[in-house]
Amino acid sequence: MDSSGLSTNPTRGKGLLENLLARLRARQANKMIPPHLRNGRILDIGCGSFPYFLSHSFFREKFAIDQLHPNPNHPQIEWHTLDINSYPHLPFEDNFFSVVTMLAVIEHLDPSSLTSLFREVYRTLHPDGLLVITTPAAWSDRLLHWMANLRLVSDEEIEEHVYAYTLPLIGWYFGQAGFLMDNLKFGYFEFFLNLWATAKK
């Protein structure tokens, strides 16, 4: 908690590894964003009330979306409180962002709304803009529940996982949104427990 009484944890819950995992996600995302894009605007979708990644990444302008209300200690971030699971539309004009990130987010969303959300991301990215996502690997679901039982990761977060993704399925969703296959990259991190994917407009 900070002096305002709001949590400064990167996720809800009290998993012993949550801070470490947030640092690893942020490091992985930062590695995938080229320097020339950092002179523009970034949108982090589903950042939680404490925007760990945005707080540890340089951009000219920073924007955030989450259904939770913001921690007031980050006035340099323009915050939008939205439930994108129910209404997958972004309140921004076309070609507005150089980067959009969704770190440990898509597993919490209804798969039926994911195509609409990715299309919105595509619309709001400028040409040559980049979408960066991370999500648990499909095979790690049982392991994550076991880790939650041991309080290593947040039980609240794991119980809200709606769907587990594979790299080919993420590629399919990207394609449905308008991203070209030649502009997609994929990989694993954290001992193959998590996937990363990027899509360039």
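Apart from one condition, G175 fits all of (1) on the phi > 0 side of the Ramachandran plot; (2) modelled with pLDDT of 80 or more; (3) not aliphatic (A, V, I, L, M); the exception is (1).
Return the total of residues in the stretch 166-200 being among the small types (G, A, S) and in a loop (DSSP other than H, G, I, E, B).
Residues that pass the stated criteria total 1.
Taking the stretch 82-98 as the range and being closer than 16 Å to D66 by Cα and over 15 Å from the mean Cα position of the chain (by Cα) as the test, the residues that pass are S86, Y87, H89, P91, F92.
Annotation: of all residues in the stretch 99-127 being over 15 Å from the mean Cα position of the chain (by Cα) and within 19 Å of K62 (Cβ to Cβ), the one that is surrounded by the most Cβ atoms within 10 Å (Cβ to Cβ) is L125. Among the residues here, L90 does not qualify as closer than 23 Å to L167 by Cβ, modelled with pLDDT of 90 or more and not in a helix (DSSP H, G or I).
Just to verify a result, which residue in the stretch 39-52, among those that are closer than 12 Å to V100 by Cβ and in contact with a helix residue (DSSP H, G or I) (Cβ under 9 Å, 6 or more places away or on another chain), is surrounded by the fewest Cβ atoms within 10 Å (Cβ to Cβ)?
Restricting attention to the stretch 39-52, the residues satisfying the condition of being closer than 12 Å to V100 by Cβ are 40-47.
With in contact with a helix residue (DSSP H, G or I) (Cβ under 9 Å, 6 or more places away or on another chain) added as a condition, the list becomes 42-47.
Values: I42: 26, L43: 27, D44: 26, I45: 25, G46: 19, C47: 28.
My answer is G46.
Among the residues of the stretch 28-38, those that are in a helix (DSSP H, G or I) and surrounded by 14 or more Cβ atoms within 10 Å (Cβ to Cβ) comprise Q28, A29, N30, M32, L37, R38.
The values are calculated or read from the model by the stated rules, or taken from the named source; none is laboratory data. Just so we're clear, the structure is a prediction, and the values are computed from it rather than from any experiment. Cβ atoms come from the backbone with ideal geometry, glycine included; neighbour counts cover every protein chain shown.
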